[in-house]
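A.B. asks: The following block contains the structure, expressed as structure tokens.
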Amino acid sequence: MPTKVLLAAPRGYCAGVERAVEAVERALQTHGAPVYVRKQIVHNAHVVRDLENKGAVFVDEETEVPEGAVVVLSAHGVAPEVHQKAAARRLTVLDATCPLVTKVHLEARRFATKDRTIVLIGHAGHEEVVGTTGQAPDRTVLVQDVAEARSLRVVDPDNLAYLTQTTLSVDETNEIVEALRDRFPSIEGPPREDICYATQNRQDAVKELARRADVVLVIGSDNSSNSKRLAEVAREQGTPAHLVDDETEVDPAWLDGADVVGITSGASAPEWLVDRMLSWLASRGANEVEELRLTEEHVRFSDVRVDR
């Protein structure tokens, strides 16, 4: 059984998640329960359950929110029609879209005004992809991997631009962009890459963690894109890695023969889940904890404003 824990840093909450969760908590304090939240505010089962216990009601669509009520839009962003439907229902809207996702939305609109076809690199069905596609639905095509990039057919290959979901694997996205540039040399990219600072930092940290650990545990929910990528990035280093919501999901057999356990957490996982995991490992003899810090994060976003 392991004797040592190596703790990745940065890990856990990013600025966008912090801002979104705080928006729901502040709305509950200001307006009282219930406060409605469209989709999961962030992709973490524990966070959603905690907010539900405080009086948040999660719905799939803004059309399920009673007329005139308060609704918070999730950190993943929405299509413009969501705002239109919310206005028609006279909802008090708090838009908790991460500012880095909003940046991608603005880029999509800018490319659309130039009549460019937008190649969006991302995962089909993910809420962020749905919201970004909604900025220019008639001009956006989705590419999910290198194979799709290589086989992509477009009407005007000289009038293309690409954007990416903010929570993708950095290395895999670079390969997809390279494949697109090979096929469409004139394709235009965003002024700065779309993958967010927190995604990049957590992937860099887990790479180094995986090189030094015998097994890696990633704390995060299965529907969290950035958390799933962390487990994938660790495995690419040749280290077994498992995505778990919390310590109750750890199979002790994973730790057999491991001396050093690496721990990280996705951008939507709160730090108290890490504390619980450390306590669980300590009770099994892994008492030594070393933090492996690659960089400091000082990003903070302004509070969510009410949009009536």
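A.B. asks: Residue check, Ala88 against (1) without any contact (Cβ under 8 Å) to a residue 12 or more places away in the chain; (2) outside the structural domain of Ala27 (by TED's automatic domain parsing), all met but one. Which one?
C.D. replies: Going through (1) without any contact (Cβ under 8 Å) to a residue 12 or more places away in the chain; (2) outside the structural domain of Ala27 (by TED's automatic domain parsing) one by one, Ala88 breaks only (2).
A.B. asks: Counting just the residues of region 40-84 that are surrounded by 12 or more Cβ atoms within 10 Å (Cβ to Cβ) and of a type in the set (Gly, Ala, Ser), which one comes out farthest from Val24 (Cα to Cα)?
C.D. replies: Ranking the candidates gives Ala79 first.
A.B. asks: May I ask you to list the residues in region 115-142 that are among the hydrophobic types (A, V, I, L, M, F, W, C) and either out of contact with any Phe, Trp or Tyr (no Cβ under 8 Å at 6 or more places or on another chain) or closer than 16 Å to Cys98 by Cβ (or both)?
C.D. replies: Those that are among the hydrophobic types (A, V, I, L, M, F, W, C) and either out of contact with any Phe, Trp or Tyr (no Cβ under 8 Å at 6 or more places or on another chain) or closer than 16 Å to Cys98 by Cβ (or both): Ala124, Val129, Val130, Val141, Leu142.
A.B. asks: Could I ask something else about it? Just the residues that are out of contact with any Lys or Arg (no Cβ under 7 Å at 6 or more places or on another chain), closer than 20 Å to Pro185 by Cα, of a type in the set (A, V, I, L, M, F, W, C) and in a helix (DSSP H, G or I), please, taken from region 101-148.
C.D. replies: If the condition is that a residue be out of contact with any Lys or Arg (no Cβ under 7 Å at 6 or more places or on another chain), closer than 20 Å to Pro185 by Cα, of a type in the set (A, V, I, L, M, F, W, C) and in a helix (DSSP H, G or I), then Ala108, Phe111, Val146, Ala147 are the ones that fit.
A.B. asks: Which of the residues that make up region 86-98 are surrounded by fewer than 16 Cβ atoms within 10 Å (Cβ to Cβ) and part of a helix (DSSP H, G or I)?
C.D. replies: Answer for region 86-98, where residues must be surrounded by fewer than 16 Cβ atoms within 10 Å (Cβ to Cβ) and part of a helix (DSSP H, G or I): Ala87, Ala88.
A.B. asks: Ala179 versus (1) in a helix (DSSP H, G or I); (2) under 21 Å from Gly122 (Cα atoms); (3) not assigned by TED's automatic domain parsing to the domain that holds Thr132: which is the lone unmet condition?
C.D. replies: Condition not satisfied by Ala179: (3).
A.B. asks: Considering region 24-51 alone, what residues qualify as being in contact with a strand residue (DSSP E or B) (Cβ under 7 Å, 6 or more places away or on another chain), part of a helix (DSSP H, G or I) and not aliphatic (A, V, I, L, M)?
C.D. replies: His31
A.B. asks: What are the residues in region 188-202 that are closer than 17 Å to Val17 by Cα and surrounded by fewer than 24 Cβ atoms within 10 Å (Cβ to Cβ), if any?
C.D. replies: Those that are closer than 17 Å to Val17 by Cα and surrounded by fewer than 24 Cβ atoms within 10 Å (Cβ to Cβ): Ile195, Tyr197, Gln200, Asn201.
A.B. asks: Taking Thr133, is it farther than 24 Å from Val82 by Cα, surrounded by 19 or more Cβ atoms within 10 Å (Cβ to Cβ) and among the β-branched types (Val, Ile, Thr)? Show your work before the answer.
C.D. replies: Working: farther than 24 Å from Val82 by Cα: no; surrounded by 19 or more Cβ atoms within 10 Å (Cβ to Cβ): yes; among the β-branched types (Val, Ile, Thr): yes.
Judged against the criteria, Thr133 is not a match.
A.B. asks: Do the conditions hold for Asp171, that is, is it in the same structural domain as Leu120 (by TED's automatic domain parsing), surrounded by fewer than 19 Cβ atoms within 10 Å (Cβ to Cβ), in a helix (DSSP H, G or I) and at pLDDT below 95?
C.D. replies: So Asp171 fits the description; yes.
Residues checked against (1) in contact with a helix residue (DSSP H, G or I) (Cβ under 9 Å, 6 or more places away or on another chain); (2) of a type outside the set (Phe, Trp, Tyr); (3) at pLDDT 95 or above:
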{"position": "Val155", "(1), (2), (3)": "no, yes, no"}
{"position": "Asn159", "(1), (2), (3)": "no, yes, yes"}
{"position": "Pro185", "(1), (2), (3)": "no, yes, yes"}
{"position": "Glu188", "(1), (2), (3)": "yes, yes, yes"}
{"position": "Pro191", "(1), (2), (3)": "yes, yes, no"}
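A.B. asks: Just name the residue that is nearest to Thr167 (Cα to Cα) out of those in region 209-247 that are basic (Lys, Arg) and surrounded by fewer than 19 Cβ atoms within 10 Å (Cβ to Cβ). If you could, list the steps in order and put the result at the bottom.
C.D. replies: Narrowing region 209-247 to residues basic (Lys, Arg): 211-212, 228-229, 235.
With surrounded by fewer than 19 Cβ atoms within 10 Å (Cβ to Cβ) added as a condition, the list becomes 211-212, 235.
Numbers: Arg211: 22, Arg212: 24, Arg235: 17 Å.
Looking at the filtered set, the residue picked out is Arg235.
The values are calculated or read from the model by the stated rules, or taken from the named source; none is laboratory data. Since this is a predicted model, take the numbers as computed values, not measurements. Glycine also receives a Cβ, built like all others from the backbone with ideal geometry; neighbour counts cover every protein chain displayed.
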